[in-house]
Amino acid sequence: MATRFGIIAEDKSDVDVIKVLIEKYLHSSEFSVKQFVGQGCGKLKSKCQAWAVNLKKSGCDHIIIFHDLDRNNESLLRAELNNKLAAPGTPPALVIIPTEELEAWLLTDLDAIKITFSIPASGMIKKIPHAESIKSPKEYLQKLVQQSCKKIYMNTAHNKKIAANTRLERLVTCKSYTPFDAYMKAI
């Protein structure tokens, strides 16, 4: 029987990336995903408790909430989400908060970006020592692609492809990714 994941995220492209990341741990035939998308952080915060309950009722074994940190205080944001999930009858959920934005995780593997956009191996992309220190990683990724290959980066179309090409050993260099990695390895 396939493992069923309930994913609550800010937008559809985040869910698409998360599905690809789950495939780094489980074969696609070993899991299925049900989702709720907040179309931004406000709705995600206000609805996460009800959505978690609905996902559990629909048979999800694991419920994972992804919320970009943006420029919030991580401990306050985590406490706010955990407080909403502490309501009676709410199933346990893993809260994952990528530093700044999910795109920071994608910036860990520049080879994945080169492969996705067919940038020659000799293409000059400046190494990023700490992807989580990049301010506005989505905009950074957009500029990086534009400057290195004159193509237009669109997170809704390209994040999933970059994630598919990203190596797990690069992702785990992000502190905010390691709770997800540990969770998936424990399944």
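The values are calculated or read from the model by the stated rules, or taken from the named source; none is laboratory data. Just so we're clear, the structure is a prediction, and the values are computed from it rather than from any experiment. Methodologically, a virtual Cβ is constructed for each residue, glycine included, from the backbone with ideal geometry; neighbour enumeration extends over all protein chains shown.
The residue that is farthest from residue 71 (Cα to Cα), counting only those in the stretch 83-98 that are in contact with a Leu (Cβ under 7 Å, 6 or more places away or on another chain) and in contact (Cβ under 8 Å) with a residue 40 or more places away in the chain, is 93.
When 108, 90 are checked against the criterion of being of a type in the set (S, T, N, Q), surrounded by 13 or more Cβ atoms within 10 Å (Cβ to Cβ) and in the same structural domain as residue 160 (by TED's automatic domain parsing), a single residue qualifies: 108.
Answer yes if at least one residue in the stretch 23-45 is under 17 Å from residue 178 (Cα atoms), among the basic types (Lys, Arg) and in contact (Cβ under 8 Å) with a residue 40 or more places away in the chain, and no otherwise. Yes, the stretch 23-45 contains a residue that is under 17 Å from residue 178 (Cα atoms), among the basic types (Lys, Arg) and in contact (Cβ under 8 Å) with a residue 40 or more places away in the chain.
Taking first residues from the stretch 114-137 that are at positive phi and partners that are assigned to a loop (DSSP other than H, G, I, E, B), the Cβ contacts under 8 Å between residues at least 6 apart in sequence or on separate chains come to 136/100; 136/101.
Counting only residues that are among the charged types (D, E, K, R) and within 14 Å of residue 68 (Cβ to Cβ), which one in the stretch 40-54 is surrounded by the most Cβ atoms within 10 Å (Cβ to Cβ)?
Among those that are among the charged types (D, E, K, R) and within 14 Å of residue 68 (Cβ to Cβ), it is 45.
Counting only residues that are assigned to a loop (DSSP other than H, G, I, E, B) and either within 13 Å of residue 107 (Cβ to Cβ) or touching a helix residue (DSSP H, G or I) at 6+ places or on another chain (Cβ under 9 Å) (or both), the stretch 167-187 holds 7 of them. Within the stretch 58-87, the set of residues being under 16 Å from residue 15 (Cβ atoms) and either hydrophobic (A, V, I, L, M, F, W, C) or crowded, with 16+ Cβ neighbours inside 10 Å (or both) comprises 60, 62, 63, 64, 65, 66, 67, 68. Inspect the stretch 140-154 for any residue being buried (at least 17 other Cβ atoms within 10 Å of the Cβ) and in a loop (DSSP other than H, G, I, E, B) and give the result as yes or no. Looking for residues that are buried (at least 17 other Cβ atoms within 10 Å of the Cβ) and in a loop (DSSP other than H, G, I, E, B), one finds at least one in the stretch 140-154, hence yes.
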